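Structure record follows, encoded as structure tokens.
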Amino acid sequence: MDENEAQRQIQQMVNFILNEAKDKAEEIEANALQDYNIEKLRLVQQMKDKIRSEFQKKAKQVEVQRSIARSTAINRARLKKIAARNQVVNEVVSQAQQQLARLSQDKNRYNQLILDLIVQALLKLLEDNVILRCRQCDVQLIEAIIPQATAKYSAILKQSAGVTRNVKITVDKQNFLAPPPTGNDAGRTCSGGVVVMSTNLRITCDNTLDARLNLVVEECKPIVRQTLFPLR
């Protein structure tokens, strides 16, 4: 083999090696690019999933906070509404108390009312001896009414049950009920009426006008609210 032929064969081998190296380099580059794209897509998808998850979490937190704020606002409005209604009801009760306070100024009506309250208390207790407490300003009135009250009590028992029974009423002049309201009162007041007790103080009938009003208010509050604030 001459020198030219040998040179040609060597060149062919060099070209073959270069082509193989080139093909291998292109294959490696293609695989690297493919791996890069796959990894890039994976990272992008991972970030998307993370952002979506955080967004959903924050959206849920915002919705929860919005629900709490809405509920708080509704409850606050409801409490204000209840407070306003209670204020109106209290004003109605206050007006009723003022009318009760003026009732004792009408002697005829107040005398009859005191008589009925005493008799009612006697019928509740059914005791032979009772203690009666009243306002200090009503003592003279009470002592004048007692004979009528005991007579009416005995008559009612005789007529309704066929029982003959008398009762002795002792006015407690050591412990009076609170004085009548004057419009500028710092302490307790009493609009009138009586408190009747057994002699051992174990049984008590509070027939003051204030106690009767409180009883009526508690019993009639639903009706008063419905009248003042009808359902729409």
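The values are calculated or read from the model by the stated rules, or taken from the named source; none is laboratory data. All values reported here derive from a predicted model rather than from experimental measurement. Backbone-built Cβ (ideal geometry, glycine too); neighbour counts: all protein chains shown. Only protein heavy atoms, including side chains, enter the accessible area calculation; ligands, DNA and RNA are left aside. Shrake-Rupley method; radii C 1.70, N 1.55, O 1.52, S 1.80 Å.
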Legend entry - Which listed residue, of ARG42, ARG66, is within 42 Å of the chain's Cα centre (by Cα), part of a helix (DSSP H, G or I) and surrounded by 10 or more Cβ atoms within 10 Å (Cβ to Cβ): ARG66
Inset, instruction - With respect to ALA186, determine if the residue is surrounded by fewer than 17 Cβ atoms within 10 Å (Cβ to Cβ) and modelled with pLDDT of 95 or more. - result: no
Inset, instruction - Being modelled with pLDDT under 85 and either basic (Lys, Arg) or more than 30 Å from ALA83 (Cβ to Cβ) (or both) is the filter here, so list the residues in the range 189-232 that pass it. - result: LYS221, ARG225, ARG232
Inset, instruction - Determine the pairs where a residue that is in contact (Cβ under 8 Å) with a residue 60 or more places away in the chain, located within the range 152-175, has a partner that is open to solvent by 60 Å² or more (accessible area, probe 1.4 Å) and in a loop (DSSP other than H, G, I, E, B) with Cβ atoms under 8 Å apart, the partner being 6 or more residues away or on another chain. - result: none
Inset, instruction - Say whether the condition of being of a type in the set (Gly, Ala, Ser), more than 24 Å from ALA151 (Cβ to Cβ) and out of contact with any Pro (no Cβ under 6 Å at 6 or more places or on another chain) is met by at least one residue in the range 195-209. - result: no
Legend entry - Residue satisfying all of: in the range 190-226; free of Cβ contacts under 8 Å to residues at least 40 places away in the same chain and more than 26 Å from the chain's Cα centre (by Cα); surrounded by the fewest Cβ atoms within 10 Å (Cβ to Cβ) among these: ARG202
Inset, instruction - Starting from the range 72-96, take each residue that is closer than 20 Å to PRO230 by Cα and list its partners that are open to solvent by less than 70 Å² (accessible area, probe 1.4 Å) and outside any helix (DSSP H, G or I), counting only C-beta distances under 7 angstrom and pairs at least six apart or across chains. - result: ARG85/PHE229
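Here's the yes/no breakdown for (1) open to solvent by less than 80 Å² (accessible area, probe 1.4 Å); (2) out of contact with any Pro (no Cβ under 9 Å at 6 or more places or on another chain); (3) in a helix (DSSP H, G or I):
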| site | (1), (2), (3) |
| --- | --- |
| GLU27 | no, yes, yes |
| ALA73 | yes, yes, yes |
| LYS81 | no, yes, yes |
| VAL93 | yes, yes, yes |
| GLN99 | no, yes, yes |
| GLN105 | no, yes, no |
Inset, instruction - May I ask you to list the residues in the range 124-149 that are open to solvent by 60 Å² or more (accessible area, probe 1.4 Å), part of a helix (DSSP H, G or I), over 15 Å from ASP172 (Cβ atoms) and touching a residue at least 12 places away in the same chain (Cβ under 8 Å)? - result: LYS124, GLN148
Legend entry - Filtered residues of the range 151-163 (kept if of a type outside the set (A, V, I, L, M, F, W, C) and either open to solvent by 70 Å² or more (accessible area, probe 1.4 Å) or not in a loop (DSSP other than H, G, I, E, B) (or both)): LYS152, TYR153, SER154, LYS158, GLN159, SER160
Inset, instruction - Could you list all residues from the range 164-179 that are part of a loop (DSSP other than H, G, I, E, B) and either aromatic (Phe, Trp, Tyr) or closer than 15 Å to VAL119 by Cβ (or both)? - result: ARG165, ASN166, VAL167, PHE176
